[in-house]
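Okay, structure first, notes after.
The values are calculated or read from the model by the stated rules, or taken from the named source; none is laboratory data. These figures come from a predicted structure and were not determined experimentally. Neighbour counts are summed over all protein chains in view; Cβ atoms, including those assigned to glycine, are modelled from backbone coordinates with ideal geometry. To get the accessible areas, we keep the full protein, side chains included, count just its heavy atoms, and leave off ligands, DNA and RNA. Shrake-Rupley method; radii C 1.70, N 1.55, O 1.52, S 1.80 Å.
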Amino acid sequence: MKNGITHLFIPGPTNVPERVRRAMNVPMEDQRSAEFPDLTLPLFRDLKAVFRNTTGRVFMFPSSGTGAWEAAIQNTLSRGDKVLMSRFGQFSHLWASMAERLGLDVTCIDVEWGAGVPLADYERAIAQDRSHAIKAVFVTHNETATGVTSDVAGVRRLLDAHAHPAMLYVDGVSSIGSIDFRQDEWGVDCAIAGSQKGFMLPAGVAFLSISQKALEAHKAAAPKMERCYFSFADMIAANDTGYFPYTPPTTFFHGLRAALDLLAEEGLENVFARHYRLAEGVRRGVAALGLDLQAVAPQWQSDTVSAIRVPEGVDANAVLKIAYERYRTSFGAGLARLNGRVFRIGHLGDLNEGMCLTALSIAEMALVDAGARIELGAGVAAAQGWYRLANDAASRSAPLAVAAE
Ligand SMILES: *Cc1c(COP(=O)(O)O)cnc(C)c1O
């Protein structure tokens, strides 16, 4: 029996809004037609606005987000370049391992899974590097495996404080378009996002937004890495007139048009506020159930995903299996060393209060079915209380809407 909808609460792919899905239901078209740039050029412009990048440029590579990791490294760094990274979850781990495989000289600081970028350790490494051997500093803005958000602006501040010229690379795959991100202001040289998270699109396109400095690094004559499919130069030559060096996903671009319109209509500040409001309800629900988040302190808690630790003796994989098989609801699995220990609720993208309450209520049932001793309804009630309060406060701070009534 498959009545109703299957609920999707994984942190990517996220739910694709009806308007975006319909926008992609178009005939195939000629990617070399004279009209094609009318579709693509505004996409580049509006994507840059989401990154808050006014001075650099943005690429769309047909790949998942991982492709933009690779593109950023290959085009702007050389084999043997020293880079500073940190690892505190499966995504930061994979990024560091890619950097090693591509031949960078990686200093990777291991941090407990549940905390984020270690500013004090970064500062020490930067302060000691008087010869400016470190070419790039990497930050996983939102570690999706643990539900941890790091302080990108803090990394910029410490680079500036030591007048260190290293470039700043940020993995914003599960943050950009959902929580505050400011490329220009934070001096981010390479910012990476994917289509299937905050951008509310199917997987398949990686967005890479770069600064002028990254563009210069790409042109510099030093011995660089081989690059081919992800070559900035090839992309730029075609993109400048609205075209691509190979067949681009044309239907996807219509979906992107609709998704960017949705973000602009809501307003990025409102999108960020909504993600905070929704996340806070989930967190209050989790706390009311007596459960812990994997994020070890409030400063690290992510507004796009919560990794929830199951009680001792309960298998998180059983919670996932029950949620899916009995209640047709997908939660995110615990990745790598967190497998069996946590399940994740993705609360990003096209989401509202009712959806978060559904997630909590089904999580409660699956937890109890899997043997957890929690009180059914306690998490839902706590979230309901918060959502009422938060929406009441939000409507009070909107005098125009009230005056119009
Ligand atoms: C999802 C994700 C990725 C990888 O994206 P793919 O699209 O699966 O390649 C990288 N980093 C973070 C933080 C992510 O959440």
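Points to keep in mind about this one:
- Residue among Ala99, Ala127, Ala153 that alone is within 16 Å of the ligand (Cβ to nearest atom), assigned to a helix (DSSP H, G or I), free of Cβ contacts under 8 Å to residues at least 40 places away in the same chain and more than 30 Å from Ala23 (Cα to Cα): Ala99
- Test: Val368 is surrounded by fewer than 24 Cβ atoms within 10 Å (Cβ to Cβ) and β-branched (Val, Ile, Thr): yes
- Scanning segment 105-124 for residues that are within 16 Å of the ligand (Cβ to nearest atom) and on the phi < 0 side of the Ramachandran plot yields a count of 6.
- Given (1) within 16 Å of the ligand (Cβ to nearest atom); (2) open to solvent by less than 10 Å² (accessible area, probe 1.4 Å); (3) assigned to a helix (DSSP H, G or I), index of the condition Phe91 fails: (2)
- Of all the numbered requirements in (1) open to solvent by 10 Å² or more (accessible area, probe 1.4 Å); (2) of a type outside the set (Val, Ile, Thr); (3) over 18 Å from the mean Cα position of the chain (by Cα), Asp180 misses one, and that requirement is (3).
- The criterion of being modelled with pLDDT of 95 or more, within 13 Å of the ligand (Cβ to nearest atom), among the acidic types (Asp, Glu) and assigned by TED's automatic domain parsing to the domain that holds Arg156 holds for Glu70.
- Which listed residue, of Arg19, Arg45, Arg32, is free of Cβ contacts under 8 Å to residues at least 24 places away in the same chain and either basic (Lys, Arg) or closer than 30 Å to Ser306 by Cβ (or both): Arg45
- The residue pairs whose first member lies in segment 82-95 and is in the same structural domain as Gln294 (by TED's automatic domain parsing), whose second member is crowded, with 22+ Cβ neighbours inside 10 Å and among the aromatic types (Phe, Trp, Tyr), and whose beta carbons are closer than 8 Å, counting only pairs six or more residues apart or on different chains, do not exist in this structure.
- Residue check for Val139: hydrophobic (A, V, I, L, M, F, W, C), open to solvent by 10 Å² or more (accessible area, probe 1.4 Å), under 27 Å from Ala295 (Cα atoms) and within 12 Å of the ligand (Cβ to nearest atom): no
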